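The values are calculated or read from the model by the stated rules, or taken from the named source; none is laboratory data. Predicted, not measured: the structure shown is a model, and the values here were computed from it. Here the Cβ positions follow ideal geometry from the backbone for every residue, glycine too, while neighbour counts run over all protein chains shown.
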Amino acid sequence: MRNRGALAVLSDKINISECLPVSKTKQSLMLSAPRFGINPKAYASLFLDPYNRFRKPFKYTAFLAAKFNGDGDINQIVINQFPYDDLIRFAQFVKNNYTNPDDALRTTFIPQVKTLTNLTALRDSNGNIIINGYTPCGVFMSGRPLCTITVTRKDTPERTDKFNFYSLIPDREFAQVTIPKFNPAAEKKLKKLQGHFTLFDSVDIVNSDIPKRAALKRDPDQNTVMGRSASSTLKELYNHEILSSVMTPEFKSLLIRLMKIKHSATLRALEKRQQGVSQEEKDFHEQYKVELLEWLHLIGFRLSPFSMNPQNRNNLAAARAAHNTEMILIESLANYIATNISESRNRLTGKFCKIPFTDFIDTGELSLDASIDGNRLVVSQKFDALVRKPEELRISDVSGLVGTTMMLLQGIPPKNVHTVPVLSTEPMVVPGL
């Protein structure tokens, strides 16, 4: 077999050509596999959600990579739609032919990826650019940028391209509303203190350590390391002798709502003790379960090399479950590259800015810096851990990010490109609502 490089050779791990009947579909898959350089079985597994963390996928979605239209023009955006048809066929083929009836992948839903038309861009109140479009059958789709992708390819080392990655679905929220946490004078003073309450780390991933780490139990667990549950940080914050007196009403209201959310294990325990759980409590839990407090790892447990202990106080802080899931987006990309491209060199960098005097995250950042066969990829995300209502990501967002980065790295041409103006912030009206 001719060596096609670290990116491309992966697809030969499954010999699709021997399994399909002679047809146009067979020809398409044979041609596309080396071009995309994606291990079909590993890619199909990205649709699995073993811990049930993600929101259920919608029946179709769309993935975009967008960037500003050069020369510092922030009023126009270039939107790239890549050819995902082959990738989805890969995943469907593996699901139907490489799984047994007991395999979880057999029953996993793989959404259709749509090509959108009538694309528009709108800058929201937080400065994010929201992209909207329509499927061929007229369904309105919308999405915000989930992370940034910076690519430097070895054949054009003088050029670096920076994109925002979008995943569009019909019911994605347009904006995550930031709320003021403290009065202006207190906010200013607390910002000066925040450097003393910031966690930062940057580690080189040891690719061969990942499967070994996956087999290990988290011992001691996060609650033991931190000396309390993550939900306890809510009361500590709400009742803090300094912070409570300078909180805004909106922030107090958010904390009160978060303190009402019970963990599913707590509800089961109450029912077992026959103390009764009302239907109202169950419905409230179901509505807000993604806002349960959890301990978040600055450097993910499964990606931590054996030279470090991820179960330590300087690697943990509290935030809502939705933000933990949000970090899984880049962690899954890092895991995919490190696991499937052994020659890759990967560095993970994280930063948690905590609310002073607490272990509660105010803002968080995570980035992956990967070098693959002379190409460089940097994927970064930032999140505000105290928006009014966090967004729930779907497992299809992970597969979309992996597919997009692989295609950008290899210079796969977009299926189509649209240049659209960025409109000023306006109240958005969704057609049909």
Checklist entry - From Lys235, Lys262, which residue is touching a helix residue (DSSP H, G or I) at 6+ places or on another chain (Cβ under 7 Å), under 27 Å from Tyr51 (Cβ atoms), surrounded by 15 or more Cβ atoms within 10 Å (Cβ to Cβ) and of a type in the set (D, E, K, R)? => result Lys262
Next on the checklist: Can you tell me which condition Ile242 does not meet? The list is (1) under 20 Å from Ala322 (Cβ atoms); (2) more than 32 Å from the chain's Cα centre (by Cα), and all the others hold.
Outcome noted: (1)
Item to check | The listed residue being basic (Lys, Arg) and more than 29 Å from Glu291 (Cα to Cα), out of Lys415, Lys389, Lys354 | outcome: Lys415
Checklist entry - Which of the residues that make up segment 48-64 are surrounded by fewer than 23 Cβ atoms within 10 Å (Cβ to Cβ) and either in contact with a strand residue (DSSP E or B) (Cβ under 6 Å, 6 or more places away or on another chain) or at pLDDT 85 or above (or both)? => result Leu48, Asp49, Asn52, Arg53, Phe54, Arg55, Pro57, Phe58, Lys59, Tyr60
Checklist outcome for this item: Residues of segment 367-409 being buried (at least 21 other Cβ atoms within 10 Å of the Cβ) and over 19 Å from Cys147 (Cβ atoms), in sequence order, are Leu386
Checklist entry - Do you know which residues across segment 181-220 are free of Cβ contacts under 8 Å to residues at least 60 places away in the same chain and under 22 Å from the mean Cα position of the chain (by Cα)? => result none
Item to check | Test: Asp124 is in contact (Cβ under 8 Å) with a residue 24 or more places away in the chain and of a type in the set (Asp, Glu) | outcome: yes
Checklist entry - Which of the residues that make up segment 74-107 are of a type in the set (D, E, K, R), surrounded by fewer than 18 Cβ atoms within 10 Å (Cβ to Cβ) and over 18 Å from Pro414 (Cβ atoms)? => result Arg89, Asp102, Asp103, Arg106
Next on the checklist: Show me the strands (runs of 3 or more DSSP E) entirely contained within segment 100-172 in which 2 or more residues are under 23 Å from Tyr60 (Cα atoms) and under 19 Å from the mean Cα position of the chain (by Cα).
Outcome noted: 129-134, 140-143, 145-152, 161-168
Next on the checklist: Checking the conditions here, which among Pro136, Pro111 is touching a helix residue (DSSP H, G or I) at 6+ places or on another chain (Cβ under 6 Å) and either modelled with pLDDT of 85 or more or of a type outside the set (Lys, Arg) (or both)?
Outcome noted: Pro111
Checklist outcome for this item: The number of residues in segment 48-62 that are over 12 Å from Leu393 (Cα atoms), in a loop (DSSP other than H, G, I, E, B) and not hydrophobic (A, V, I, L, M, F, W, C) is 3
Item to check | Hits in segment 205-223 - residues which are of a type outside the set (A, V, I, L, M, F, W, C) and more than 24 Å from Lys354 (Cα to Cα) | outcome: Asn207, Ser208, Asp209, Pro211, Lys212, Arg213, Lys217, Asp219
